[in-house]
Amino acid sequence: MRVHVLGTAAGGGVPQWNCACPGCEGARAVPSRRRLHASIAVEPEPGRVYLVNATPDIAEQIERCPWLRPHGRRSPLAGVILTDAELDHTLGLTRLREADELEIMATDAVRKAVGEGLRLEETLAPYVRLRWRDADGASLVPVSGKRPRYARDFTDGQWVSALRIGGLLYAPAMGVWPAGFGADADVVFADGTFWDDDEPRTSGCSEKTATEMGHLPVLATRERLAALSARCLYTHLNNTNPLVDPDAPHHAELRGVEVASEGMLIAW
Ligand SMILES: [Zn+2]
């Protein structure tokens, strides 16, 4: 089993095009601080590579992943697994329209939002056949009922999941900590969107707290992650999170939890 980290930022990336906060300005000044939207490539068995979430950066992310080099007109990409239906995790599907067929694993709620809310089913039909299926050999653990804003009129469902595949647990967004979360995992990626619960309000990006936005902040999860026997890493960092600055003192307060960086390879 191996994982390649392809992106580690929350919506907007770092820097975000319309923002001059310290995190964004730092990334403009120092290119190594730039972060693409959160995504990983996972290879649960040799030769079968899945992308977890389809971000607006997907084409560049595929180019950066040596496991996804095409042979002739054939790509080793076996499919895309969606952990939620947010725009930053689904818009990349349109960039894959050159395929004949695309296998996508997602919950029913996510499938309906992407198909009917974003109308991607209809829009992409003349280009590529979308083949929706249950997450085979993997499971999608519910971690939040937060609907994307564009899907506000859709019914309740399993909107946000953690992906469990082999010893990997990938949870770029989690509004709750499910019982037993990570207990038997080898590697855990957890929601690192915000440092503390008030960050969205103090930074001016929202009136809501981090938890109300569906993201448990780092301060609410670091102890619990540190208590797991798994290797734990934060991903999906918002540009306002002080952890986007590698020199921030906050890194010393992570209790051994790491911050994921792009290009990271983890195999076990
Ligand atoms: Zn910013």
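The values are calculated or read from the model by the stated rules, or taken from the named source; none is laboratory data. Just so you know, these numbers come straight off a predicted model, no measurement behind them. Neighbour counts are summed over all protein chains in view; Cβ atoms, including those assigned to glycine, are modelled from backbone coordinates with ideal geometry.
Going by what's in this entry, would residue 252 be described as surrounded by fewer than 16 Cβ atoms within 10 Å (Cβ to Cβ), of a type in the set (A, V, I, L, M) and part of a helix (DSSP H, G or I)? So residue 252 fits the description; yes.
For region 187-203, what are the residues that are under 18 Å from the mean Cα position of the chain (by Cα) and either at positive phi or of a type outside the set (A, V, I, L, M) (or both)? 189, 191, 192, 193, 194, 195 - these are the residues of region 187-203 that are under 18 Å from the mean Cα position of the chain (by Cα) and either at positive phi or of a type outside the set (A, V, I, L, M) (or both).
Residue check: is residue 173 closer than 24 Å to residue 60 by Cα, touching a residue at least 40 places away in the same chain (Cβ under 8 Å) and crowded, with 23+ Cβ neighbours inside 10 Å? Yes; evaluated as a whole, the condition is true for this residue. Within region 1-50, the set of residues being crowded, with 16+ Cβ neighbours inside 10 Å, away from the ligand (no atom under 16 Å from the Cβ) and among the hydroxyl-bearing types (Ser, Thr, Tyr) comprises 39, 50.
Exactly one residue among 243, 233, 228 is touching a residue at least 40 places away in the same chain (Cβ under 8 Å), in a strand (DSSP E or B), touching a strand residue (DSSP E or B) at 6+ places or on another chain (Cβ under 9 Å) and of a type in the set (A, V, I, L, M), and that residue is 233.
One residue alone among 206, 261 is modelled with pLDDT under 95 and either within 16 Å of the ligand (Cβ to nearest atom) or at negative phi (or both), and that residue is 206.
Report whether or not residue 92 is farther than 18 Å from residue 119 by Cα and either of a type in the set (Gly, Ala, Ser) or part of a loop (DSSP other than H, G, I, E, B) (or both). Against the criterion (farther than 18 Å from residue 119 by Cα and either of a type in the set (Gly, Ala, Ser) or part of a loop (DSSP other than H, G, I, E, B) (or both)), residue 92 does not qualify.
The combined condition, being in a strand (DSSP E or B), among the hydrophobic types (A, V, I, L, M, F, W, C), surrounded by fewer than 18 Cβ atoms within 10 Å (Cβ to Cβ) and over 16 Å from the mean Cα position of the chain (by Cα), is fulfilled by residue 78.
Would a scan of region 56-67 turn up a residue that is at pLDDT 95 or above, surrounded by fewer than 21 Cβ atoms within 10 Å (Cβ to Cβ), charged (D, E, K, R) and within 14 Å of the ligand (Cβ to nearest atom)? No, that holds for no residue. Figure legend. Inter-residue proximity from region 183-203: first residues farther than 13 Å from residue 257 by Cα and in contact (Cβ under 8 Å) with a residue 40 or more places away in the chain, second residues within 16 Å of the ligand (Cβ to nearest atom) and assigned to a strand (DSSP E or B), beta-carbon distance below 8 Å, spacing 6+ or different chains. Indicated pairs: 193/237.
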